[in-house]
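My questions will all concern the structure given below.
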Amino acid sequence: MQEDFRLIIDLVTVLGVAAIGGLLAALLRQPVLLGYLLAGMIVGPAGLGIIKEVVQVETLAQFGVAFLLFALGVSFSLSELKKVQAISLGGGGLQIVLTILATAGISLGVGWVTSPAQGMFLGGILSLSSTAVVLRCLMDRNETESTHGQVMLGILVVQDLAVGLMLAVLPALDKPPEEIGLAIGWALAQIAMIAAGAIVAGIWVIPRLLRLLARTESRELFLLGVVVLCLSIALLTEQLGLSIEMGAFIAGLMISEVEYADQTLAYVEPLRDIFATLFFASIGILIDPVFLWNNLELILGLVALVILGKFLLITPLVKAFGYSWKTAILTGVGLAQIGEFSFVLASEGQSLGLVSRQVYLLILGTTAVTLVATPFIVKAVPQLFLWAEAVPWLQAYLSASEEVLDSSSESRQNHIIICGYGRVGQSIVQLLQEYEHPVLVIDQNESVVQQLREAKIPYIYGNAASPQVLDKAKVNQALGMAITLPDPMSIRLCLKRSLEFAPDLDVIVKAKSDRDIELLYQLGAKEVVQPEFEASLELSAHLLFGIGLPELAIQQQVQQIRNSHYLDFRSERPAYAVARELRMAAREMNSGWYDLPDDSPLVGLTLAETELRRLTGVTLMAILRDGGEELDYPNHQTLLKLGDRLLVVGQPEERLAFRELMEGKVTLPVENSACQWLSLPFDSTAVGKTLADLSISSQYRVLVQAIRREGKFMRFPSDQTDLQAGDRLLLCGAADDLPIVSDLLTTRRLPISLPLTTAVETVPLES
């Protein structure tokens, strides 16, 4: 067979199997590059042997690496880096240096490598994390704008930027030990000279060239000119002793700040994706499955070592830069893998003789497994946090780590709290300020807080889902709250914990997707807004008004759609799909199934009559009837029946309170009841007394429903619970008795036994 025709067959074969492998990986919700690697393994010499000559494929794959780094350079954004510049530059740089030093020391100590240069090379490979995998995980969970998401992306930008520097220094590591320092110095000097030339060209040459190409209004000419520019600079750097990859990256950086950067990236991305697919598939071709199987235990051990080592290194670094333990742990877990650019370094290192083929294959296998494991680990972390928050000493430790910074010490009352100061939050604050209504913003982004300082808007720096932050914000004295946080988990926790402080608080929530709408209503939101649906309503209203329909009729129709939770716009989904989404959401929020006892006082009551959220803090998510019928997201008119099985969401102490209420161990409030929070003053004579001493529940139609003390939340306190100064009591009962008990608890002269002012018989709380 002719050599040129053989190249065409090999090229089509590699791209074809890569497409199939990528499709299968995507269907299994895995990184597509894993599919490319497996496809290459299957058709390579160690697999089915369809591809026997890999030299020509590798040559084409080198174009993929060049375009990959070129696109990375073009998309590099200083503005994105500035959002978290301290942790990005400081933490990201320290992470790379410490990883290289630690790896070099350990690998030399255990004999994995024979020289410090090889140890540094191995450390460079391990220091990189996967931008593609991490970004995919964050996007799947709508966490790209969260605090930990921003920190991860900031560190990844610095890691990607360091790839170019590593590729430049890499050839110097191949020198004799006594010449390495001089070689690295010369490589850095070359980089400085090339960087100076790139800056000059980027200011005076590149913009004019791209402007000239753009004037032709020919897509083909623009693309051709950009490709020639990229490859020319890449070849120039290779002639100067650096790598082609380094030159491609520099070419991208030269274009990144030019006005045609976005257009360039849009044109080059298809070429980059095709040739990058070739690169990853060619890496798979080089992997020997038999070698991996024979060394499976070693590879799994290396995987565990890499994940644990990077986690233990990154987590303290993030914490040292002032972030909470939760953010630090999420970041450490998210970045605990080896990245796709490590393949580039490993391939270059093998060609330079820095590692043997056996070590090279071990690197490839370890990298592939860490990429596969990352999505599963990231998904499991929220469950671990739920478990940790259920352990008292861990909960106190995690809560203590939440930084709270209040902009003022002014007393707050009748204010509106805005959780999240993004574009939506800014618009809300602007409108409220026009009417001179007091507002308070809660945000955990330092750059956002700086904007608030400059605008002199009251704020609290901290996690809006933290009980300490919500207590500081005086949620119980607020008129309302708008939650516009970036990730669904924080939205749910913020909503639920806010309603613990103020059960009747008017909370409006911005939903990230239509799947969250019913869940947020169920958790207690008074109104849930979905931006895409709202845009559809406004566009439709404008068009209907334009064709002559009455404005009043249009407004009524729009309001009806809002009242129905956008059901007219939401696609009909099968019951099993809704149930599956409900289970997934419930698992992320600490949930459990409970069988309703036949003699339960809740049997025969509607959800509105039980007041489960107000009394116990739990949210009823689903009911499984005795006959097999399942009611997902039951409404307030749903009746509880014999044999019901209930899915409730809440913290362990909240679910314990629900069990006590369900089993009749505590008393339901009387009809027409109300609830209020009461702060126990330091000079109250109730301080130091137990609830049994006060006999409130036996003499009044009022129950001490809960006590909040120093961040702890006690549901249904026993008669032996003593009261302390500063306690916040949740009183529930008859509306006419609440003011009397409130006055008696706050007075300086509280009698030991309260006088009986009503003949209504109530059942006292059991211990």
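One line per residue, one yes/no per condition, for (1) hydroxyl-bearing (S, T, Y); (2) in contact with a Pro (Cβ under 8 Å, 6 or more places away or on another chain); (3) under 21 Å from M589 (Cα atoms):
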position	(1), (2), (3)
I508	no, no, yes
K512	no, yes, yes
L520	no, no, yes
A525	no, no, yes
A535	no, no, no
E538	no, no, no
I547	no, no, no
P550	no, no, no
A553	no, no, no
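Just give me the residues in the range 516-539 being surrounded by fewer than 18 Cβ atoms within 10 Å (Cβ to Cβ) and of a type outside the set (A, V, I, L, M, F, W, C), in sequence order.
Y521, K526, E527, P531, E532, E534, S536, E538
Go through the range 468-496 and count every residue that is assigned to a helix (DSSP H, G or I), modelled with pLDDT under 85 and touching a Ser or Thr at 6+ places or on another chain (Cβ under 7 Å).
2
In the range 94-129, which residues are out of contact with any Ser or Thr (no Cβ under 7 Å at 6 or more places or on another chain) and not in a helix (DSSP H, G or I)?
Within the range 94-129, G111, W112, T114, S115, S129 qualify.
Oh, and also: Return the residues of the range 269-322 that are at pLDDT below 80, within 31 Å of the chain's Cα centre (by Cα) and not in a helix (DSSP H, G or I); say none if nothing qualifies.
G322
State which residue is surrounded by the fewest Cβ atoms within 10 Å (Cβ to Cβ) when the search covers only the range 565-586 and only residues that are basic (K, R) and at pLDDT below 70.
Result: R573.
Checking the condition more than 17 Å from L72 (Cα to Cα), at pLDDT 75 or above and surrounded by 15 or more Cβ atoms within 10 Å (Cβ to Cβ), which residue from L231, L242, L209 passes?
Sole residue among the options that is more than 17 Å from L72 (Cα to Cα), at pLDDT 75 or above and surrounded by 15 or more Cβ atoms within 10 Å (Cβ to Cβ): L209.
Can you tell me which residue among I416, I428 is of a type in the set (A, V, I, L, M), modelled with pLDDT of 85 or more and in contact with a helix residue (DSSP H, G or I) (Cβ under 7 Å, 6 or more places away or on another chain)?
That would be I416, the only listed residue that is of a type in the set (A, V, I, L, M), modelled with pLDDT of 85 or more and in contact with a helix residue (DSSP H, G or I) (Cβ under 7 Å, 6 or more places away or on another chain).
Which ones in the range 184-208 are closer than 17 Å to G252 by Cα and in contact with a helix residue (DSSP H, G or I) (Cβ under 7 Å, 6 or more places away or on another chain)?
I191, I194, A198, A201, G202, I206
Okay, next question. Could you tell me which of the residues A61, A18 is modelled with pLDDT of 75 or more, part of a helix (DSSP H, G or I) and either farther than 30 Å from V318 by Cα or not acidic (D, E) (or both)?
Only one candidate passes the filter, namely A18.
Which pairs turn up if I take residues in the range 455-480 that are closer than 19 Å to R492 by Cα and look for partners that are at pLDDT 90 or above and of a type in the set (D, E, K, R) with beta carbon separation below 8 Å, at least 6 apart in sequence or on another chain?
From residues that are closer than 19 Å to R492 by Cα, the pairs are G480/D506.
Shifting gears a bit: Which residues, counting only those in the range 701-732, are over 11 Å from L680 (Cβ atoms), free of Cβ contacts under 8 Å to residues at least 24 places away in the same chain and part of a strand (DSSP E or B)?
K712
Any idea which of V226, V258, V290 is under 20 Å from L34 (Cα atoms), out of contact with any His (no Cβ under 7 Å at 6 or more places or on another chain) and not charged (D, E, K, R)?
Just a single option satisfies the conditions, and that option is V290.
The values are calculated or read from the model by the stated rules, or taken from the named source; none is laboratory data. In this text, all values refer to a predicted model and were calculated from it rather than measured experimentally. As a convention, Cβ positions derive from the backbone with ideal geometry for all residues, glycine included, and neighbour counts pool all protein chains shown.
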